[in-house]
1. Restricting the first residue to the stretch 306-335 and requiring it to be in a loop (DSSP other than H, G, I, E, B), which pairs with a second residue that is surrounded by 19 or more Cβ atoms within 10 Å (Cβ to Cβ) and polar (S, T, N, Q) meet a Cβ separation below 7 Å and a spacing of at least six or different chains?
2. If you check every pair at least six apart or on different chains, which have Cβ atoms under 7 Å apart with a residue in the stretch 357-374 that is closer than 14 Å to Arg245 by Cβ first and a residue that is surrounded by 16 or more Cβ atoms within 10 Å (Cβ to Cβ) and basic (Lys, Arg) second?
3. Starting from the stretch 398-427, keep only residues that are in the same structural domain as Asp373 (by TED's automatic domain parsing) and without any contact (Cβ under 8 Å) to a residue 40 or more places away in the chain, then list their pairs with residues that are of a type outside the set (Lys, Arg) and in a helix (DSSP H, G or I) whose Cβ atoms are within a distance under 8 Å, requiring at least 6 positions of separation or different chains.
4. Find the residue count for the stretch 121-149, including only residues that are surrounded by 22 or more Cβ atoms within 10 Å (Cβ to Cβ) and of a type in the set (D, E, K, R).
5. When you go through Val92, Val67, Val117, Val86 one by one, which is the residue that is closer than 17 Å to Ala341 by Cα and hydrophobic (A, V, I, L, M, F, W, C)?
6. Is it true that Val382 is under 22 Å from Gly337 (Cα atoms) and in contact (Cβ under 8 Å) with a residue 40 or more places away in the chain?
7. Say we look at the stretch 127-157 and pick out the residues that are of a type in the set (S, T, N, Q) and assigned to a loop (DSSP other than H, G, I, E, B); which of these is farthest from Pro327 (Cα to Cα)?
8. So which residues in the stretch 73-117 are buried (at least 24 other Cβ atoms within 10 Å of the Cβ) and without any contact (Cβ under 8 Å) to a residue 60 or more places away in the chain?
Amino acid sequence: MTTPRTDAPAAPDSPAASASPPETGRFRPRQLAGLLRPRTVEEVVGHVRAAARAAEDSPDGGGSAPVPLHPVSTGRNWGLGSALPVRDGAAVLDLSGLDRIREIDTLRGYAVVEPGVTQDLLAQRLTGTDRVLNLTGASRHTSIIGNILERGVGLHRTRAEDLAGLELVLADGQRVRTGWWPAPGGPAVVQPHGSGPSLNHLFTQASWAAVTAAVVRLRPRPRTVTVLPLTFPADRLNGAVDVLREWTAGHLVPATTKIYDPVAARTYGVRDRYLAHLALTGDPEVTDALTRIVGDRVRTPGSPFEHASPGAADADVHAAYAGRPDPADTLFRRKTGGCCARCLDRERGLLMFLPLVPFRGTAAAEAAGLVRDATADCTAGVTMNVLDADTVDHVVTIGFTPDDPDAARRAHRALDRLHTAFAARGWLPYRSDVDHPLPPHTALHRRLRDALDPHGVFARGRFEGPQPPPAP
């Protein structure tokens, strides 16, 4: 693929078209118009303005066909398309070169980061402070901003709750900010919504601008972290989920529990049973008291749970909940069979399906049946992330051998069946992949998109519906 110089912004349609590189999902390859790799915000502005001029001149102006920009942070959106655009003909705007941590304020609890800043980079910088980043279960080499824009799920809360402000380059090249931004050294309290209409989430799961920085909220470093591993058999799924919901609603455990099905639980050394990680953080007196109460309830006659061995929630698991960096990416490598973040797109086959399901035992059991039926001819694991006392997101992971065309086809057929089956039940994904873009929600969304990007400077994304069929 031809890569234009980034010291002088080039027109995005100048590189020769090429096929997209391999990615974990083995989705349909896209034809790319090029790859742009700016290293400064000023270069991003230059590329966007060049694309805007080309779009304004075409087609009515007689210019060549416009080349929309597809911004990515580090491109590690594995299982959903990685760095792929939804439609052919886009130029990838790779923002990983913008990798500065502009500011950290541990007193007020925020950091200002650029798209190329990874979980590991910020976690390392926070070592020895009284603040931590809300890590996710993905690789330490994934972008913080990329996951926030996807509204991903951290170990302690959704990443959307970590967002306080965005710096954007709009479709006309204008550089603007939304939400709350700090005055360095000032006394202002971090207030993500700012004043007036709240605009931050107008640009999450959207493709109307390029995000060049964000204000990310940091969490107080917990004094203690205790992760309790509990197991239960598959035939107790219904009752176990109802008990966990009761504990969550009653604030016995926080809304951070993860439930791994028997396939996903293998990562933690558990075989043929479900595994739940209950993360308790806070003062030692609090975590000790909660641990005793949970232990008493586990031992109650009729309880679906048993305590797992300590190895099912080992030091690596505790470190992730504590926000401690792991440069070796140990947990991630355990999940990927030893594959590192840099080789995953080349060496592993992986598809993801991410529906929201009610936090009820009957719903969890029904969802398990839907997954089992849809993935009968391939291997799939499920991780359930408790979001609150009413909602659980399901992370369905389908693995396959990437160089086996039949295995890839079976995996994609299973993914199609999952989308169909869960949609029929009304349990829609909160994130989608490049081959199953979600339809626009309302006419208002379309009006906002057309107002912000009337000439299509930015490529339409995974949350704006499928590509229309070509004209006859």
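1. Partner pairs satisfying both residue conditions: Ala308/Thr231; Asp329/Ser139.
2. Note: pairs meeting the criteria are Phe359/Arg245; Arg360/Arg245.
3. Pairs found: none.
4. Number of matching residues: 1.
5. Working: Val92 fails: closer than 17 Å to Ala341 by Cα; Val67 fails: closer than 17 Å to Ala341 by Cα; Val86 fails: closer than 17 Å to Ala341 by Cα.
Just a single option satisfies the conditions, and that option is Val117.
6. yes
7. So, considering only residues that are of a type in the set (S, T, N, Q) and assigned to a loop (DSSP other than H, G, I, E, B), the one farthest from Pro327 (Cα to Cα) is Thr129.
8. Selection gives Val117 alone.
The values are calculated or read from the model by the stated rules, or taken from the named source; none is laboratory data. Keep in mind that this is a model prediction, so the values were computed, not measured. Here Cβ is always computed from backbone atoms with ideal geometry, including for glycine, and neighbour counts include all displayed protein chains.
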